[in-house]
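To start, the structure itself, in C-alpha cells.
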Amino acid sequence: MSREIHIDDLRQPRHTPKQRQALDWVESQTVAFSRDSLLAEARERTGLSDFGAEDFIERLDRLVDEWGGDDGLSNLGRLSLRNKLVQHLSSRLLIEDCFKRHPEIHDIPIERPIIVAGLPRSGTTHLLNLMAADSRLRSLPLWESYEPLPLPGEAASGGRNDPRYARCEQAWQMMQAMTPHLAAMHPMNPDHIHEELELMGPNIASYNYEWLSPCPRWRDAYYAEDQTPHYQYMKKVLRLLLWRQGPKRPRRWVLKCPQHLEQLAVLRAVFPDATVAITHRDPVAVIQSVVTMLAYGQRMNRHAVEADALIAYWSDRVEHLLRACVRDRSLWSDEQSIDVPFHRFMANDLAMVGRIYVRADLELTDNARAELQAYGDAHPRGKDGRVIYQLERDFGVSPAALRERFQFYFDAFDVRAEV
C-alpha cells in the first residue's frame, strides 16, 4: 500500500527549520542576474569563449529581462534560475568547441527513434523509463541531459564516478532535503531517464523555462517562433552523444517530451522516420498534478505561493497543447504512430509497449520483456508515496467545471475522466 502524502499547507507553507535556514542564508547574498555576468561565468567555468551563432542572445536577454524583473522570486529561486542558465551556456560553449574539433559528428545518423509525446503527468515518464530498460535502446539519463559534455580536464567515465553524475546527485539530495515530496511527484535522481528537451537548453530554447519559473512573455515569443531550428539543434546534440559513446552501445534512441504535442509538424520534419507514441489522460488529473507540484516548489523559490496564477496559467497551457494535438495528430500516419490511453496503459503497461514496438518494427523478445518486467517490478506506481490532491480546496476550482473546457479533447480521443 502506497504511503499517502497530504500537503495541507500548500497555500500558506510552514517552513521546516532547514528550509528557513536555506532561505535566510541566500536572502543575505547578492545574486547577479545580467546577460554579461551569465556569459562571463560560463566562459570562466569552461575556459572557452566561442558561443557559435549569436541568435541565442536575443532569447537569453528575453529570459534575463523577465526573470530579472520578477519581484516575486526569492533569492533562492533567483539563484536556481541563474545556475540553470549558466549550466546551459557552459554546455553551449563545450558543444561548439567539440563540433569545431570533430566536424565528422554532423554525419552521424539518428535513425528511427521511438518518441513519446503526451501531456505532462500523463504516463509519459513511466512509458519512457520502461522502454529505456530495454538494453537495445539508447536513452538519456538525467545527469547526461544536464551536462552532455564534461568540463575541460574532467575524467568523464560516463558512470557513477563521472563528475557530472556527482553534481546531479548532489542537486537531487538538495532537492529532497528542501522539497521532500517532489520525489513522490516527479523523481529527479541522476539515473532517471529524462527529456531530450533539456538538450535545447544550450540553444536557450523550448517551453522548459515555463516550468522553472513564470515567464508568460517567454511563452508568447515561443508560440510565435518556428521551433524547427531548436529541434535541429537538439538532434545535433543527440548525434554528439552517440559519437561519444562509441559504436558498441545502442544507437536507436527512445525519447519523450510533452512539448511535442504542440510541435507535431516540427517533429515530423526533423525526425521523419520516427515512431511516435502519444499518451492521453484526463486533463483535469494532469492539471491538478502539475499545479500542486509547482505550488509546492514555490514555497522555496517565491516569496508567496501563487496558487490562483498557477491554475489559470496551466489550464490555458494544457489547453494550448491539446488543441494543437487535435489539430495536427493526423500528420503522423497509423504506420508510424499510436495513441496510448492512460487507463489502458496503466492496466497493462507491457502489452502497450508491445503494441508500440509493432509500430516501431522492434521485436519484444523474451530478454527485452524480462528487462521491462524487472524495471516495472522495481518501480511500482506510488513507490515514493502517493500525493492526495485537493484541486477545489487548494485552487478553488471544481474538477467538473474545469473539465468542460476540454470536451473537444474527450471527443477526439479515448480519454476517461478520473477526478
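The values are calculated or read from the model by the stated rules, or taken from the named source; none is laboratory data. Predicted model only: the values in this text are computed from it and were never measured. Positions of Cβ are backbone-derived with ideal geometry, glycine not excepted, and every protein chain shown enters the neighbour counts. Note: areas computed on protein heavy atoms with side chains; ligands, DNA, RNA excluded. Shrake-Rupley method; radii C 1.70, N 1.55, O 1.52, S 1.80 Å.
Put simply, of 101, 138, 59, 82 the only residue that is at pLDDT 95 or above, out of contact with any Phe, Trp or Tyr (no Cβ under 7 Å at 6 or more places or on another chain), of a type in the set (Lys, Arg) and surrounded by 16 or more Cβ atoms within 10 Å (Cβ to Cβ) is 59. Considering 205, 221, the condition of being closer than 19 Å to residue 93 by Cα and in contact (Cβ under 8 Å) with a residue 24 or more places away in the chain is satisfied by 205 alone. How many residues are crowded, with 23+ Cβ neighbours inside 10 Å and touching a Lys or Arg at 6+ places or on another chain (Cβ under 8 Å) if we restrict to the range 279-292? So the count comes out to 5.
If you go through the range 310-344 and keep only what is touching a Lys or Arg at 6+ places or on another chain (Cβ under 6 Å), open to solvent by less than 40 Å² (accessible area, probe 1.4 Å) and in a helix (DSSP H, G or I), you end up with just 342.
Hey, any hits in the range 250-258 for a residue that's open to solvent by less than 10 Å² (accessible area, probe 1.4 Å), touching a helix residue (DSSP H, G or I) at 6+ places or on another chain (Cβ under 7 Å), modelled with pLDDT of 95 or more and under 28 Å from residue 73 (Cβ atoms)? Yes, that holds for at least one residue. Say whether the condition of being within 27 Å of residue 229 (Cβ to Cβ) and either free of Cβ contacts under 8 Å to residues at least 60 places away in the same chain or in contact with a helix residue (DSSP H, G or I) (Cβ under 9 Å, 6 or more places away or on another chain) (or both) is met by at least one residue in the range 22-33. Checking the range 22-33: at least one residue is within 27 Å of residue 229 (Cβ to Cβ) and either free of Cβ contacts under 8 Å to residues at least 60 places away in the same chain or in contact with a helix residue (DSSP H, G or I) (Cβ under 9 Å, 6 or more places away or on another chain) (or both).
Condition test on residue 95, is it open to solvent by less than 10 Å² (accessible area, probe 1.4 Å), at pLDDT 95 or above, within 27 Å of residue 188 (Cα to Cα) and not small (Gly, Ala, Ser)?
yes
Any residue in the range 217-229 that is aliphatic (A, V, I, L, M) and under 18 Å from the mean Cα position of the chain (by Cα)? No, the range 217-229 has no match at all. Taking first residues from the range 228-248 that are hydroxyl-bearing (Ser, Thr, Tyr) and partners that are open to solvent by less than 20 Å² (accessible area, probe 1.4 Å), the Cβ contacts under 6 Å between residues at least 6 apart in sequence or on separate chains come to 228/266; 231/266; 231/270; 233/203. Scanning the range 5-39 for residues that are within 27 Å of the chain's Cα centre (by Cα) and of a type in the set (Gly, Ala, Ser), we see that the one that is modelled with the lowest pLDDT is 32. Of all the numbered requirements in (1) more than 30 Å from residue 158 (Cα to Cα); (2) touching a residue at least 12 places away in the same chain (Cβ under 8 Å); (3) open to solvent by 10 Å² or more (accessible area, probe 1.4 Å), residue 307 misses one, and that requirement is (3).
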